[in-house]
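Notes to accompany the following structure.
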Amino acid sequence: ETLHAVLPMHLQGWGWTCVFCTAVHGTSFATMYRMVKDAGPLVIALKTANNGAVVGVFSHVGLGLNERVGVAADGFVFSSTPRPPTGDDAPPPSSEHATSRVAIYKDAERNKYFLLPRSNRVQVGGGPTGPALFINEYFATGATYACETFDSPPLIDDVDHGTFRITRADIYACGRPN
């Protein structure tokens, strides 16, 4: 719901369909590119092994292999981390009732390093300190750094030299109006 509120106005009434999921389609980048071909706009969401944190990107265009997207326009990166419950009656953090803290970082228009898809990786953002999000081959690991493109800190706290383990990847494409 929070992501929905920051989508471009013309997309807020549209439905979203999961077009790729590592739990269903496997971890091949070739399969992923085939599944998302001609789809867009897209949301890529990565569930991590870091306390259930989810990080990702909204791209106003599709994800074409080797098609560099230099300008983010309405694009952004995001992170969602479980917020620890408070009080004696609070549900455990793994509960569906636990709340999340969501952070959204829009393109700061400082460079033209929005999206760089390759056959064995996807890089989102860039600059002197690194990308906001880097997805390694087979969706096994990713990395996050402070990023000039989005004027963002690393999207996950407490990562080992910027790297984290990915437990699931989902890619959603914008569909027809609801």
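The values are calculated or read from the model by the stated rules, or taken from the named source; none is laboratory data. All values reported here derive from a predicted model rather than from experimental measurement. Cβ coordinates were reconstructed from backbone atoms using ideal geometry, including for glycine residues, and neighbour counts include every protein chain displayed. Remember, those area values only see protein heavy atoms, side chains included, never the ligands or the DNA or RNA. Shrake-Rupley method; radii C 1.70, N 1.55, O 1.52, S 1.80 Å.
Summary of computed values
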quantity: Residues that are aliphatic (A, V, I, L, M), within 18 Å of the chain's Cα centre (by Cα) and either under 20 Å from SER100 (Cβ atoms) or surrounded by fewer than 17 Cβ atoms within 10 Å (Cβ to Cβ) (or both), drawn from region 1-23; calculated: LEU3, ALA5, VAL6, LEU7, LEU11, ALA23
quantity: Cross-chain or 6+ apart pairs with Cβ under 9 Å, region 12-29 first and under 14 Å from GLY56 (Cβ atoms), then open to solvent by less than 40 Å² (accessible area, probe 1.4 Å) and polar (S, T, N, Q); calculated: PHE20/THR31
quantity: Extreme residue, farthest from MET9 (Cα to Cα), among residues of region 48-69 that are open to solvent by less than 40 Å² (accessible area, probe 1.4 Å) and over 13 Å from the mean Cα position of the chain (by Cα); calculated: ASN50
quantity: Residues that are open to solvent by 60 Å² or more (accessible area, probe 1.4 Å), in contact with a Lys or Arg (Cβ under 8 Å, 6 or more places away or on another chain) and more than 27 Å from PRO82 (Cβ to Cβ), drawn from region 112-157; calculated: GLU137, GLU148
quantity: Checklist (1) in a loop (DSSP other than H, G, I, E, B); (2) touching a residue at least 40 places away in the same chain (Cβ under 8 Å); (3) among the charged types (D, E, K, R) applied to LYS47, failing item; calculated: (1)
quantity: Residue within region 73-80 that is modelled with pLDDT under 95, part of a loop (DSSP other than H, G, I, E, B) and either under 15 Å from the mean Cα position of the chain (by Cα) or within 29 Å of HIS25 (Cα to Cα) (or both) present; calculated: yes
quantity: LEU42 within 10 Å of ASP170 (Cβ to Cβ) and open to solvent by less than 10 Å² (accessible area, probe 1.4 Å); calculated: no
quantity: First in region 126-139 and farther than 15 Å from LYS112 by Cα, second anywhere and part of a helix (DSSP H, G or I) and open to solvent by less than 40 Å² (accessible area, probe 1.4 Å), Cβ under 7 Å, 6 or more apart; calculated: GLU137/PHE29; PHE139/THR22
quantity: Residue within region 143-154 that is modelled with pLDDT of 95 or more, β-branched (Val, Ile, Thr) and under 18 Å from SER79 (Cα atoms) present; calculated: yes
